């Protein structure tokens with residue numbers, strides 16, 4: 001679906017591959033049984049939400065691959081942006097379509113700066129912002145600025161607004177973390193998702209201190225979709241490092257690396273663990 005394997009789709013939905021295979025099979029059968037007749041407005045809206053979600057998943061897989069030797073798959077990101085542009089042309093008044101396109105553009109603008117020479121990821125705070133694609137930044141900012149005042153705000157618009165706040169900061173230290181935290185809290189209400197909560201934990205740590213973020217991260221152990229996910233361990237490691245507990249942070253980075261299926265991410269997490277382990281106790 002959309003150029004993604006069943007395993008990649010399952011990873012995006014935080015479910016086992018076998019579960020996703022069954023869901024896809026049922027969906028194909030439903031399409032076969034019902035066909036594509038004229039849809040009621042509510043059905044059209046539901047179909048549009050599904051299309052946007054697929055485009056979002058394709059873009060995310062291109063931005064950071066689930067597995068393999070490369071951090072990114074630019075062909076997937078480019079295709080997702082191309083298709084979303086076409087959809088925005090067909091539905092110019094749909095705020096969520098515009099929001100998704102803005103999110104993609106603002107995220108993809110970082111591409112030139114987010115990969116180290118060895119192929120491992122460069123965290124946002126460490127990126128050379130002069131290498132960001134300013135044309136994509138300007139287009140994305142203009143899109144979300146036009147979109148937000150239109151009325152009811154959806155999850156893609158909120159995520160685009162978060163990306164805009166990050167992108168408008170001259171450097172990591174200038175980031176408006178209180179605004180980002182407020183937006184993540186709004187996102188958690190609009191579209192509850194454990195990954196959004198994980199990102200909110202980082203924002204909470206930057207505003208209220210690392211222990212506030214760690215409380216949110218540790219609470220996610222009760223969500224089986226994320227309890228054993230490498231990103232939860234990676235964020236926990238980041239916040240432990242911020243709190244000054246370097247030995248515990250090194251352990252958490254190693255746990256994250258052990259669970260990561262992307263070789264570049266695994267290499268980056270292992271390097272962080274080794275760096276902290278070498279620090280004087």
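Points to keep in mind about this one:
- Checklist (1) farther than 30 Å from residue 69 by Cβ; (2) in contact (Cβ under 8 Å) with a residue 24 or more places away in the chain applied to residue 234, failing item: (1)
- The set of residues in region 232-250 being out of contact with any helix residue (DSSP H, G or I) (no Cβ under 6 Å at 6 or more places or on another chain) and either surrounded by 18 or more Cβ atoms within 10 Å (Cβ to Cβ) or outside the structural domain of residue 200 (by TED's automatic domain parsing) (or both) consists of 238 alone.
- Failed item, numbered, when residue 60 is tested on (1) at pLDDT below 95; (2) over 14 Å from the mean Cα position of the chain (by Cα); (3) not in a loop (DSSP other than H, G, I, E, B): (2)
- Test: residue in region 110-120 that is under 14 Å from residue 163 (Cα atoms), in the same structural domain as residue 158 (by TED's automatic domain parsing) and out of contact with any strand residue (DSSP E or B) (no Cβ under 6 Å at 6 or more places or on another chain): yes
The values are calculated or read from the model by the stated rules, or taken from the named source; none is laboratory data. Bear in mind that the values here come from a model prediction, so they are computed numbers and not experimental data. As a convention, Cβ positions derive from the backbone with ideal geometry for all residues, glycine included, and neighbour counts pool all protein chains shown.
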